[in-house]
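Here is the structure we will look at, set down as structure tokens.
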């Protein structure tokens, strides 16, 4: 397996262009199954998860062309007919977002067989809210040998769905399914993330009737068919937050071009409390330190607009060098502190008690070989390595390929001593 080798202690300076958001691009791609008309999606990042979903959509019958578009890529997708309703285990196991084909297949074709999903090993992430919602729209659901078999031979019917807990994926899946359902669908306690708003904008451009996206109550009036559209993927707020953390831990100054402050409210608030100086520019954000040492802060991960669980590992890396102590409480996933022991290998002082981690700041981290356990943990370890004395080797970096477009190239351009070492054949 490849590894990333970092020689720490170099301040990052320069510009980093923020890529399109992976978590927005994936549901946008799945939406192509709702229509035979072409959907053109620009500002798509070059990531392993994008390639995985491309393969899955192709075997469902999607015709996909990809062209380079500067630092990103542009996808044109069209599905004249659903060729196959099976989303097989070999593809779905690689990426949890594959479950997003369930709603579109069911809405347009009346049937879907989707393997129970995979993804990062960060805890139990059941799809019961997806299935419950589909049942509320009239689908029949059976679980057979590790597959969800959903049928709606007479089509889906609008209904009222109340999510007992907030779920981004379930909100997206039900929004897509309801776009072709008969009648109106109301989603209560819906997710409010910017990625939800991005999907709604794309579906609306295709002809869907959606109101309330970005609030906890979304209303979808079903239509008979959806048409062609063009849509640009929103910038990745988690990537932007990650590079902001990299600027802070390295005593650097980065201009994050394309980053949108209105998507990053809680992240920016937390970073400012920790000692960041954030300046908005005409095309992004400039991030630097406002104080010599970072301040210890207490943070609880919450659904949007709260502090994102996808920024928790990066914040923990920052807090290892704070001037006092920090308490980080994880409320979204129950197994998302696996990076803590790896940071401890680098000299961090971290004590985990159940859902909370106490981080006592130290003066210096020391380079060490560490193991990435999931996507965001990988970035947390890279961030720590940028500040550590000596050399840090991050193993299992295939996780990073799922969510960070050209990470090594972007950091190298800003002065980092970082390289990817290919595994021996």
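With each label point set 7 Å from Cα along the Cα-Cβ vector, what nm distance links residue 48 and residue 290?
Using points 7 Å along Cα→Cβ, the separation is 3.8 nm.
Which order do the peptides 136-142, 175-181, 94-100 take when ranked by the mean count of other beta-carbon atoms within 10 Å per residue, highest first?
Output ranking for 136-142, 175-181, 94-100: 175-181, 94-100, 136-142.
How big is the equivalent ellipsoid of region 122-278 along its three axes, where each semi-axis is √(5λ) from the Cα gyration tensor, reported in whole Å from largest to smallest?
The answer is 35, 19, 13 Å, longest axis first.
Using Cα pairs closer than 8 Å and at least 6 residues apart in sequence, work out the relative contact order for region 268-425, in percent.
Dividing the mean separation by the residue count of region 268-425 yields 17 percent.
May I ask you to derive the relative contact order of the chain, considering only C-alpha pairs under 8 Å and at least 6 residues apart, and to give it as an integer percent?
21 percent
Figure the gain on full extension for residue 423 and residue 217 (residue separation times 0.36 nm, minus the Cα-Cα span) and round it to one decimal in nm.
That pair, residue 423 and residue 217, stretches by 69.3 nm at full extension.
Quickly estimate the mean residue ellipticity at 222 nm for the chain, helices only: each DSSP H run with n ≥ 4 gives -39500 (n - 2.57), and the total goes over all residues, rounded to 500.
-8500 deg cm²/dmol
As a test, work out the antiparallel percent of DSSP beta bridges whose residues both lie in the chain, rounded to the nearest 5.
70 percent
Taking 7 Å along the Cα-to-C-beta vector as the label spot, tell me the residue 67-residue 324 distance in nanometres, rounded to one decimal.
Simple spin-label model gives 5.6 nm for this pair.
Among 50-63, 282-295, what's the highest-first ranking by average C-beta atoms within 10 angstrom per residue?
In descending order of packing, they fall as 50-63, 282-295.
How big, in percent, is the set of alpha carbon pairs in region 22-232 lying more than 32 Å apart?
Taking all Cα-Cα pairs of region 22-232, the fraction more than 32 Å apart is 7 percent.
How would 188, 269 line up from fewest to most surrounding beta-carbon atoms within 10 angstrom?
Neighbour counts put them in this order, fewest first: 188, 269.
Under the 0.36 nm per residue contour assumption, what length would be gained going from the current alpha-carbon distance of residue 2 and residue 132 to full extension?
The residue 2-residue 132 span can extend by a further 42.8 nm.
Output the antiparallel fraction of DSSP beta bridges having both residues in region 287-364, as a percent to the nearest 5.
65 percent
Extent of the chain along each principal axis, from alpha carbon coordinates, in Å, largest to smallest?
65, 45, 42
Rounded to the nearest 5, what % of the DSSP beta bridges within region 22-232 are antiparallel ones?
Of the beta bridges lying entirely in region 22-232, close to 70 percent run antiparallel.
Run the paramagnetic zone check for residue 364: 7 angstrom along Cα to Cβ, then residues of region 291-331 with backbone nitrogen under 16 Å.
321-322
Can you give me the C-alpha center-to-center distance between region 202-273 and region 320-354, rounded to a whole angstrom?
27 Å
Just to confirm the number: angle between the C-alpha axis of helix 237-249 and the first principal axis of the chain, 0 to 90 degrees, nearest 10?
0 degrees
Report, in degrees rounded to the nearest 10, the 0 to 90 angle that the Cα long axis of helix 194-205 makes with the longest principal axis of the chain.
That works out to roughly 30 degrees.
Rounded to a whole number of µm²/s, how large is the Stokes-Einstein D of region 278-425 at 10 °C and 1.306 mPa s, given Rh as the Kirkwood radius over C-alpha pairs?
In µm²/s, the coefficient is 99.
Given labels modelled 7 Å from the Cα in the Cβ direction, how far is it in nm from residue 149 to residue 353?
5.0 nm
Angle, helix 48-59 long axis vs. longest principal axis of the chain, Cα atoms, 0 to 90°, nearest 10?
10 degrees
Report the full-extension gain for the segment residue 283 to residue 13: residue separation times 0.36 nm, less the Cα-Cα distance, to one decimal in nm.
Result: 95.5 nm gained on full extension.
Values quoted throughout were computed directly from the atomic coordinates according to the rules given, and no laboratory measurement underlies them. Being a predicted model, the structure only gives us computed values, none of them experimental. Heads up, the Cβs are rebuilt from the backbone with ideal geometry, glycines too, and the neighbour counts pull from every protein chain shown.
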